Structures are given as structure tokens and as C-alpha cells.
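J.: Attaching a single structure in C-alpha cells format; questions to follow.
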Amino acid sequence: MRRKLRMGMVGGGAGSFIGGVHRKAAAIDGMIDLVCGAFSSSAEKSIASGKDLNLDENRCYGTFEEMILKEKELPENIRMDFVAIVTPNHMHFSPAKFALENGFHVVCDKPVTLSLEEAIELETVIQKNGKLFALTHNYTGNSLVKQARAMITKGELGEIRKIQAQYLQGWLSTDLESTGQKQAAWRVDPKKSGIGGALGDIGTHAENLIEYVTNLKIDEIAADLGVFGKGRVLDDDANMLIRMENGAKGSISISQIALGEENNLSIRVYGTKGSLEWHQENPNELITRWLDQPKKIYTPNGAGLHAEALEVSRIPAGHPEGYLEAFATIYKNFATHVLAVSNNEEIAKPDYPGIEDGVRGLKFIYAAVESSKGNSIWKKI
């Protein structure tokens with residue numbers, strides 16, 4: 001029986017939504033335990049948050065530097081194996097780089113860093129020291145997203161011609177950031193969010209989902225970014241045309257001011273033999289349509305799924321799978337890789353997003369911003 005991995009966390013303290021998501025997702029498959037953390041920029045709040053999580057008081061740290069250096073000195077059978085970084089964007093790079101350079105693997109929220117320069121530097125560090133890095137583009141962990149990718153990769157839809165993706169939310173339709181709501185406040189602040197607002201927060205999810213599902217890269221983009229919130233400087237809405245590397249064309253529509261929308265992420269892919277569509281708000285159906293056969297709807301653990309989908313379907317058919325399970329798939333595959341490396345086993349990299357996806361995401365953000373500044377001119381990614 002393999003041992004459990006030991007996880008440290010940066011960010012995710014009291015009041016954090018995403019910290020709880022990471023902790024729950026990491027625990028689902030019984031492969032990971034949270035053992036330590038630096039949960040806040042305030043040492044007092046960090047230590048209090050660790051105590052609330054029933055951690056050893058001696059492993060509730062005031063800063064991420066303290067955590068990484070002290071954990072490094074612990075015996076190998078006690079110290080953390082990897083760090084999960086669940087902070088706002090501007091606090092991704094420093095703890096990730098410091099952890100990697102001190103011998104720890106890293107799981108990080110997206111977008112990977114505040115700037116493209118930081119992302120490229122982080123990629124260089126990872127290439128040099130060989131530590132593992134996972135990026136939580138969680139929607140790629142959904143079993144039916146993996147089914148969609150498998151079908152396209154195996155050629156079942158034929159040549160891909162057209163792609164449409166959207167990610168629509170309405171939670172920033174009002175001036176929420178002025179009310180003291182922390183999640184809104186940092187997302188509209190370029191010092192904490194970067195040069196993209198909705199573009200970085202949800203646009204990178206749409207970009208990553210397109211490239212993952214189709215197994216194709218976006219080659220060029222023409223973007224029209226909008227800023228509707230009073231006093232905002234970062235985009236809260238965008239419409240984009242895309243050209244894929246194989247000649248396929250498509251569009252991406254994102255918004256955080258689409259009043260009434262909750263988390264409407266969806267993708268449609270059209271080929272010469274068939275098409276498919278998947279909606280995050282109804283994640284347990286993958287709808288396919290065919291040139292020469294009736295429409296078919298796939299469900300988790302249902303009939304006709306490829307191995308890639310079945311291996312991440314945890315419960316019997318007819319039971320809903322969703323957000324946490326998709327997140328957990330990334331942790332499970334990352335943990336499998338870490339355990340193999342720690343046991344000197346040579347295996348192919350399991351299916352989880354990595355630093356290359358993070359760099360692609362930042363290049364997407366930068367290309368979209370430059371395109372919009374030039375009146376939606378085409379820009380290479």
C-alpha cells in the first residue's frame with residue numbers, strides 16, 4: 001500500500017472559498033493529507049487558520065518562506081511533499097519559485113503568474129530542477145471533457161472545422177468591489193490580477209478548455225475587450241475570434257457582467273463527421289451529433305465511454321459528478337506522478353495541466369489585450 005502524500009498550503013485561510021475547494025478535492029481519493037500551511041499574509045491569521053484546520057501548531061507558519069525552509073529541515077518521512085498555492089494571482093510566482101528551488105513540487109491556481117515574464121521564468125526553473133508542477137484548470141478533470149478529447153483525438157469527429165466556447169458570469173454586474181467583497185476587489189485590481197480581468201479569471205479557462213478538448217493550439221486571436229463597471233480599468237467582458245493551427249475557426253465569448261448568468265462555461269466543436277457540446281452547468285451530459293447516425297448523449301460511467309473517461313468516473317452511472325470531482329482528478333493524477341517519481345519509477349506524465357498550459361494562458365491574455373488595443377487586429381499567440 002502506497003503512503004499518502006503530505007501537502008502544504010499557501011493561502012486559503014479563513015474566509016477563502018478556493019482554499020476549501022483545494023482541500024476537499026485533494027482529500028477525495030484518499031491520497032493526500034494537509035499537514036502544514038501559511039494561510040494568510042498576516043502571521044496571526046495564518047496560525048489561527050491552521051489551528052481551525054486542526055493542524056499541528058508547530059506547522060502553522062507565519063510566512064510561506066518560513067514554511068518552506070522549516071519543512072525542508074524536517075525528516076523526509078515527515079516533511080511535506082508538495083505545496084498548493086491558492087492565493088490571488090500576484091502571489092503565485094514567489095512561493096512557487098521558492099518552493100521549487102527548495103526541492104518541493106507545486107500545485108498552483110490559474111492563471112499561473114501575474115505576468116508573462118514570471119511565467120517564462122517559472123518554466124525555466126521547472127525545466128532546470130525537474131520538480132513537478134500542476135496548474136488547476138479544473139474543468140479538464142471532468143470525465144466527459146476527457147471523453148470529448150478522446151473522441152476528437154481518435155478522429156471520431158473527423159477534421160475539426162469550427163469551435164465555439166463561452167464563459168458567462170454575472171456576479172460583477174454591480175459595483176461589488178466597493179462593498180468590501182474581497183473576491184471582487186482583487187480581481188479588478190491590476191496590481192493583483194495582472195493585465196487581464198475577466199480575461200485572466202475565466203478567459204483562460206475557455207482558452208485552455210478549447211486547446212485541451214481539441215488537442216489543437218489557438219494560433220491567432222482578434223479580441224474586443226469591454227470595461228462596463230464604473231471605475232474599472234480591467235476588462236469585465238470580451239468577444240474574440242480565433243484561428244486554430246489546423247485552419248479551423250471559432251469564437252470565444254466571456255463576461256462577468258452578463259446579468260443572471262452563474263457559471264455558464266460551455267464548448268461546441270464541429271467536425272466533418274460529427275459535433276459535440278458540453279456545458280459546465282450540466283456536466284454530466286456530453287451531447288454528440290452525427291452525419292450518419294442519431295444524436296447520442298454520453299453520461300459519466302455510462303455506455304460507450306473511452307478508457308480516458310472511465311478511469312476518472314468514480315461513482316456508478318446516474319449519480320452526478322461535478323466541480324469537486326473534476327478538481328480532484330487533477331490532484332489524483334498529480335499525486336500519482338509524485339509517488340512514481342519518489343519511488344524512482346519511470347512513467348509517462350499522467351493527464352494534468354502543467355507549466356506549459358500556464359505559459360499558454362499568459363500568452364493568450366497578452367495577445368488578447370494587444371489585439372483589443374489595436375482595434376481587434378489579429379495577434380499571434
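Each reported figure results from applying straightforward, stated rules to the coordinates on display, with no laboratory input. Not measured: the values here are computed from a predicted model. Note that each Cβ is placed from the backbone with ideal geometry, even for glycine, and that neighbours are counted across all protein chains shown.
J.: Eigenvalues of the Cα gyration tensor times 5, then square-rooted: what semi-axes does that give for region 109-161, in whole angstrom, largest first? Walk me through the intermediate numbers first.
T.: Details: eigenvalues 183, 34, 30 Å².
Three semi-axes, in Å: 30, 13, 12.
J.: Sticking with this one: Just how many pairs of Lys in region 5-131 have C-alpha atoms closer than 20 Å, counting pairs that are eight or more places apart or on different chains?
T.: 13
J.: Using only the Cα atoms of region 317-365, build the gyration tensor, take square roots of its eigenvalues as a ≥ b ≥ c, and label the shape rounded, prolate or oblate: rounded if a/c is under 1.5, else prolate if a/b is larger than b/c, else oblate. List each step's numbers first, then the result.
T.: Working: a/c = 3.02, a/b = 1.04, b/c = 2.89.
Note, shape of region 317-365 comes out oblate.
J.: Additional query: For region 24-52 and region 73-126, compute the distance between their C-alpha centroids and round to whole Å.
T.: When both Cα centres are located, 16 Å separates them.
J.: Okay, moving on. Quick one: compute the contact order of region 256-381, relative version, from alpha carbon pairs under 8 angstrom and 6+ residues apart, as a percent. Kindly include the intermediate steps, with their values, before the conclusion.
T.: On the way: 117 pairs, mean separation 13.6, N = 126.
Value for region 256-381: 11 percent.
J.: Continuing with this model, one more query. Per DSSP H run of at least 4 residues, take -39500 (n - 2.57); add these up for the chain, divide by its residues and hand me the 222 nm value, nearest 500 deg cm²/dmol.
T.: Per the formula, -10000 deg cm²/dmol.
J.: For region 5-131, what does the relative contact order come out to in percent, with C-alpha contacts under 8 Å and a separation of six or more?
T.: Computed value for region 5-131: 23 percent relative contact order.
J.: Which value, to two decimals, describes the C-alpha radius of gyration of region 173-301 once divided by 2.2 N^0.38 Å? Let's see the in-between values first.
T.: Values: Rg = 17.1 Å, N = 129, 2.2 N^0.38 = 13.9 Å.
Ratio of Cα Rg to 2.2 N^0.38 Å: 1.23.
J.: Can you tell me the FRET efficiency between residue 127 and residue 44 if r is taken as the Cβ-Cβ distance and R0 is 22 Å, rounded to the nearest 0.05?
T.: Values: r = 38 Å, r/R0 = 1.72.
Efficiency, from the Cβ-Cβ distance: 0.05.
J.: Follow-up question, since we're still on this one. If r is the Cβ-Cβ distance from residue 281 to residue 259 and R0 is 22 Å, what FRET efficiency results, to the nearest 0.05? Show your work: numbers first, answer last.
T.: Values: r = 16 Å, r/R0 = 0.74.
The calculated FRET efficiency here is 0.85.
J.: Under a GNM of the chain (C-alpha, springs under 10 Å), which listed residue has the highest mean-square fluctuation: 154, 70, 162?
T.: Top of the fluctuation ranking is 154.
J.: While we're here: If a/c stays under 1.5 just call it rounded; otherwise compare a/b with b/c (prolate if a/b is bigger, oblate if not). Do that for region 55-202, with a ≥ b ≥ c from the square roots of the Cα gyration tensor eigenvalues.
T.: Working: a/c = 2.11, a/b = 1.28, b/c = 1.64.
Verdict is oblate for region 55-202.
J.: Something else: Let me know the shape class of region 236-381, please: from the alpha-carbon gyration tensor, a ≥ b ≥ c as square roots of the eigenvalues, rounded when a/c is under 1.5, otherwise prolate if a/b is greater than b/c, or oblate.
T.: Working: a/c = 1.74, a/b = 1.23, b/c = 1.42.
Oblate is the answer for region 236-381, as a/c is 1.5 or above yet b/c matches or exceeds a/b.
J.: For the pair residue 344/residue 58, report the inter-label distance in nm, with labels modelled 7 Å from Cα in the Cβ direction.
T.: For residue 344 paired with residue 58, the spin-label model returns 3.1 nm.
J.: Using the Cα atoms of the chain, I'd like the radius of gyration and the largest Cα-Cα distance, Dmax, both in angstrom.
T.: When restricted to Cα atoms, the chain yields Rg and Dmax of 20.6, 64 Å.
J.: If you project the alpha carbons of region 269-351 onto their three principal axes, what span does each projection cover, largest first, in Å?
T.: Here the spans come out as 49, 29, 20 Å, largest first.
J.: Next question. Would you list the membrane-span-like helices of the chain, meaning whole DSSP H runs whose alpha-carbon atoms span at least 24 Å along their axis and whose mean Kyte-Doolittle value is at least 0.0? Spell out each step's value before the answer.
T.: Values: long enough: 323-342 (29 Å, 0.72); 355-373 (27 Å, 0.06).
Result, helices passing both filters: 323-342, 355-373.
J.: Right, something else. Considering the options 112, 244, 255, tell which one lies farthest towards the positive end of the dipole of the chain, charges being +1 on Lys and Arg and -1 on Asp and Glu at the Cβ, about the Cα centre.
T.: 244
J.: OK, next. Choose one answer from 293, 183, 256: the residue with the largest mean-square fluctuation in a GNM of the chain with alpha-carbon springs under 10 Å.
T.: With Cα springs under 10 Å in the chain, the top fluctuation among 293, 183, 256 is at 293.
J.: Let me ask you something else. Could you tell me the extents of region 5-131's C-alpha atoms along the three principal axes, largest first, rounded to whole Å?
T.: The Cα atoms of region 5-131 stretch 37, 32, 30 Å along their principal axes.
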